[in-house]
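One structure is given here, and the rest of the page talks about it.
The values are calculated or read from the model by the stated rules, or taken from the named source; none is laboratory data. Bear in mind the structure is a predicted one, so any value in this text is a computation, not a measurement. Cβ coordinates were reconstructed from backbone atoms using ideal geometry, including for glycine residues, and neighbour counts include every protein chain displayed. Note: accessible area is taken over every heavy atom of the protein model, side chains too, but ligands, DNA and RNA are not part of it. Shrake-Rupley method; radii C 1.70, N 1.55, O 1.52, S 1.80 Å.
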Amino acid sequence: MSISNPPRSLQRFALQLRRQRQLLAARPKIAAALGLVLVVILVTAAWPFARTHMEAAAVLDLVANQPVPRALHVVAHERVTTQELTLATTNGPIRARLYTPEGHPDAPAMVVLHGVHHLGMDEPRLIAFAAGIASCGLRVLTPELPGIKDYQVSADSIRTIGDSAAWMAVQNPNGERRPVGVMGLSFSGGLSLLAAADPVYRPSIKFVVAIGSQDEMGRVVQYYRTGSDARPGAAPELLPPHEYGALVMEYEHVEDFVPPADVVKIRAVLRAHLYEDAPAEKAAFAALSGMQHAEAMQLLDTTSDLTRGLLAAAESRHVQDMAGVSPHNHLGSLTTPVYLLHGAGDNIIPASETLWTAAELPGTTLQSMLISPVLSHLNLDGAQPSAMDRWRLVHFFALILRAAHTK
């Protein structure tokens, strides 16, 4: 008995059917492969965003003296070395400290400037902040501003800031100039904006971050007397001022408040009070005469009408000096990107000052502005901020870190 071959048409049909089954069997694998490729693409695209936000969260935890979650160690893991330096500046030699991630000795750099505080670059929050940023793979220079450290807000510090940025900008292989980010805290932020507006220093500064900073010094000093600070296009900001601001004004210009013979002894009292050095303040009081004791007590009472009258008289004597340390009317030629941050409850430099700076910045220089209830002045101790408030602060710092990482 012979078996004949099936017709050719039937063979073709069977072949097509077999191929369709193979294709159907392969589709899940193809779909899975395509899905994997898509996930890789999405993760790769999202990683820079995720990384800088994780870095920002880690740095803020370090500044707040909080433990950094283990999940964030993947981005804030670099070992950091520090180097004590002496920088030559227009105003003479200054101390500085360089924080360097061990794995990236030529990483992009930032200059971070302390506020008005007697510890200067040794202030613990500044050390934690600089080390935290460096652990994310950035070099950080913290110059000491002698005037700012001694509660003197003067134009000399603008040149010291500019010189520090210019020095850091060429600390690269072959002396190549790479502009650096500059972050100024408190009054140093306003001075950093003025440094960036100077054509001499502009090539060395990639961006400026001003945190809790002044726009017009005369308006800030007036706030110390009145508790009111004007806002652009809105009602004034009303907030009882902290005594610190008025005391800094008194200390800086003590000769405007007491007779010449009393200047040295009264300044010693004010210095010890600002330094929060109770034993030194007690000793300084013990050295005073009865009249000097009354003068010192009067100046420490920053809310009295008499003291406020003395502050008003001192303001009128230093109008030009205050204008020289005010970004107001000095930013018309600024081309450097700017980031502005202010604590909503700041009662040393009111948040309305940042609104004025933002309103006066030219063109597209303003990259981001945040008035945050997470902050007071420079402390992360705002009253009951929400989770969204905290996220906005993390996002703000993530933008800065992303700008800093960009070469």
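Relative to the longest principal axis of the Cα atoms of the chain, helix 124-135 runs at roughly 20 degrees. May I ask for the net charge around GLU176, where only other residues with Cβ less than 13 Å from the Cβ of GLU176 are counted and Lys, Arg are +1 while Asp, Glu are -1? In short, +2. Can you say what percent of the DSSP beta bridges in segment 134-286, counting only those with both residues inside, are antiparallel? Round to 5. Here the share of antiparallel DSSP bridges comes out near 35 percent. Assign unit charges at the C-beta atoms only (+1 for Lys and Arg, -1 for Asp and Glu), then state the dipole size of the chain relative to its Cα centre in Debye, rounded to the nearest 20. The dipole of the chain has a size of about 3720 debye. Most simply put, the chain has about 45% antiparallel DSSP beta bridges, counting only bridges with both residues inside it.
Rounded to the nearest 10 degrees, what's the angle between the helix 187-197 long axis and the longest principal axis of the chain, both from Cα atoms, 0 to 90? Between helix and principal axis, roughly 70 degrees. Taking the square roots of 5 times each eigenvalue of the Cα gyration tensor of segment 105-232, largest first, gives ellipsoid semi-axes of 27, 16, 12 Å. Computed 3J(HN,Hα) for segment 401-407, one whole-Hz value per residue from the Karplus formula 6.51 cos²θ - 1.76 cosθ + 1.60 where θ = phi - 60°, is 5, 5, 5, 5, 5, 5, 7, glycine and proline marked x. Tell me the angle of helix 217-226 to the major Cα principal axis of the chain, expressed in degrees between 0 and 90 and rounded to the nearest ten. In the chain, helix 217-226 runs at an angle near 70 degrees to the longest axis.
Solvent-accessible area assigned to carbon and sulfur over the chain amounts to 60 percent, based on a 1.4 Å probe. A convex hull fitted around the alpha carbon atoms of the chain yields 229 Å³ per residue. Between LEU355, SER368, PRO232, the Cα set farthest toward the positive side of the dipole of the chain (charges on each charged residue's Cβ, about the Cα centre) is that of SER368. Counting Cα-Cα pairs of segment 298-407 in 5 Å increments starting at 0 gives whole-percent bin shares of 2, 10, 14, 16, 18, 16, 10, 8, 5, 1, 0. Sorting the segments 354-366, 72-84, 139-151 by their residues' average number of neighbouring beta-carbon atoms within 10 angstrom, most packed first, yields 139-151, 354-366, 72-84. Amide H contacts of LEU366: VAL338, each under 5 Å away and 5 or more positions distant or on a separate chain (H built 1.01 Å from N in the peptide plane; Pro and chain starts excluded). For the chain, the per residue solvent-accessible surface stands at 48 Å², with DNA, RNA and ligands left out and a 1.4 Å probe. Seen through its C-alpha gyration tensor, with square-root eigenvalues sorted a ≥ b ≥ c, segment 296-353 comes out oblate because a/c lies at 1.5 or above while a/b is not bigger than b/c. Between segment 309-356 and segment 91-132, the alpha-carbon centres lie 24 Å apart.
Using helices alone, I'd like the mean residue ellipticity at 222 nm for the chain: each DSSP H run of four-plus residues gives -39500 (n - 2.57), total over residue count, nearest 500. The helix contribution divided over the chain gives -15500 deg cm²/dmol. Descending by average beta-carbon neighbour count within 10 Å, the peptides 291-302, 266-277 line up as 266-277, 291-302, the highest first.
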